[in-house]
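Engineer: Once you've had a glance at the structure underneath, I'll fire off some questions.
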Amino acid sequence: MQKVFIDEYAGKVRLVKRVGTRRLSLRVSPKGGVTVTLPYFVPYREGLEFFMAKRDWVLKAQARQKERTGNEYVSSASEIEALRVQAKTELPPRLAELARKYGFHYNQVRIKHNSSNWGSCSAKGNINLNLNLVRIPAELRDYVMLHELCHLRYLNHGPEFHALLEHVCPGHRDLQQRLKMHKLI
Ligand SMILES: [Zn+2]
C-alpha cells in the first residue's frame, strides 16, 4: 500500500506501508525520488510529518546527488531522433562535397546510431556515418568522413592509408586524438 505526495521542492514523495517494519525510515534515490517507509499501523499523515521534519536534509541530499550525476550525459529517445534528423540533413551533403573535392567514389551513405564507431566503410564502397557526428566540431566531423573515404582505397590502417589521409586531412593524427575526448551517446 502506498500514497504519493508531491512536494514543491523535493518532488515525488512515496509513502509506503510495509508489514513487518517497526520504524519509519526515509530514503532518497539517485533519480531524486523520496521514499518514506512506515509500519502498517502508522497513518500516512505521520509519514508525511516524518518527511517534513527531514525535508531540509532531503533537499541537501538531492542537491549532492544531482552534482554527482550532473556531468553524465543521459540521452532520451526523442533526443536521438532529433540528432538523426539533423544528421540525415547535414552529413550526406558534406560527405558528397568532400568526395568530389578529393576524387573519391562511394556507393551509398547511411546514417547509423551505435556506440561502437563514428563511421565505417565496407568493401562494397558503402559508408556508414554515426549520427553523433553532428554533436562534434566540424573539423572532427570532416576527419571522420575523410577517414572513411580513404578506406575506399585502403581497407586497412596501413602506412599507405595514413599517407593518403594525411594528404587530404593534414594533422589527422591530432584530430584522431581529439576525437577520443568525445563520447558516443
Ligand atoms: Zn578506419
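The values are calculated or read from the model by the stated rules, or taken from the named source; none is laboratory data. Because the structure is predicted, anything quoted here is derived from the model rather than measured. When we count neighbours, we look across all protein chains shown, and the Cβ atoms used for this are built from the backbone with ideal geometry, even at glycine.
Engineer: May I ask you to list the residues in region 76-120 that are surrounded by fewer than 17 Cβ atoms within 10 Å (Cβ to Cβ) and among the β-branched types (Val, Ile, Thr)?
Structural biologist: Listed by number, the residues that qualify are 80, 85, 89.
Engineer: Okay, next question. Answer with yes or no whether residue 139 is over 22 Å from residue 112 (Cβ atoms) and in the same structural domain as residue 107 (by TED's automatic domain parsing).
Structural biologist: It is false that residue 139 is over 22 Å from residue 112 (Cβ atoms) and in the same structural domain as residue 107 (by TED's automatic domain parsing).
Engineer: State the number of residues belonging to region 1-22 that are assigned to a loop (DSSP other than H, G, I, E, B) and within 15 Å of residue 43 (Cβ to Cβ).
Structural biologist: Looking only at that region, the number is 2.
Engineer: Out of the residues in region 126-135 that are buried (at least 19 other Cβ atoms within 10 Å of the Cβ) and either polar (S, T, N, Q) or not in a strand (DSSP E or B) (or both), which is farthest from the ligand (Cβ to nearest atom)?
Structural biologist: 134
Engineer: Next question, about the same structure. Going through region 114-125 one residue at a time, which ones are within 14 Å of the ligand (Cβ to nearest atom) and not in a strand (DSSP E or B)?
Structural biologist: 116, 117, 118, 122, 123
Engineer: State whether one or more residues within region 93-112 are within 22 Å of residue 76 (Cα to Cα), more than 14 Å from the ligand (Cβ to nearest atom), among the aliphatic types (A, V, I, L, M) and within 25 Å of the chain's Cα centre (by Cα).
Structural biologist: Yes, some residue in region 93-112 is within 22 Å of residue 76 (Cα to Cα), more than 14 Å from the ligand (Cβ to nearest atom), among the aliphatic types (A, V, I, L, M) and within 25 Å of the chain's Cα centre (by Cα).
Engineer: Right, next: Within 16 Å of residue 99 (Cα to Cα), charged (D, E, K, R), assigned by TED's automatic domain parsing to the domain that holds residue 95 and out of contact with any helix residue (DSSP H, G or I) (no Cβ under 7 Å at 6 or more places or on another chain) - does that describe any residue in region 160-171?
Structural biologist: Within region 160-171, not a single residue is within 16 Å of residue 99 (Cα to Cα), charged (D, E, K, R), assigned by TED's automatic domain parsing to the domain that holds residue 95 and out of contact with any helix residue (DSSP H, G or I) (no Cβ under 7 Å at 6 or more places or on another chain).
Engineer: How many of the residues making up region 126-174 are of a type in the set (Val, Ile, Thr) and touching a strand residue (DSSP E or B) at 6+ places or on another chain (Cβ under 6 Å)?
Structural biologist: 2
Engineer: What are the residues in region 112-125 that are touching a strand residue (DSSP E or B) at 6+ places or on another chain (Cβ under 7 Å) and over 12 Å from residue 184 (Cα atoms), if any?
Structural biologist: Result: 120, 121.
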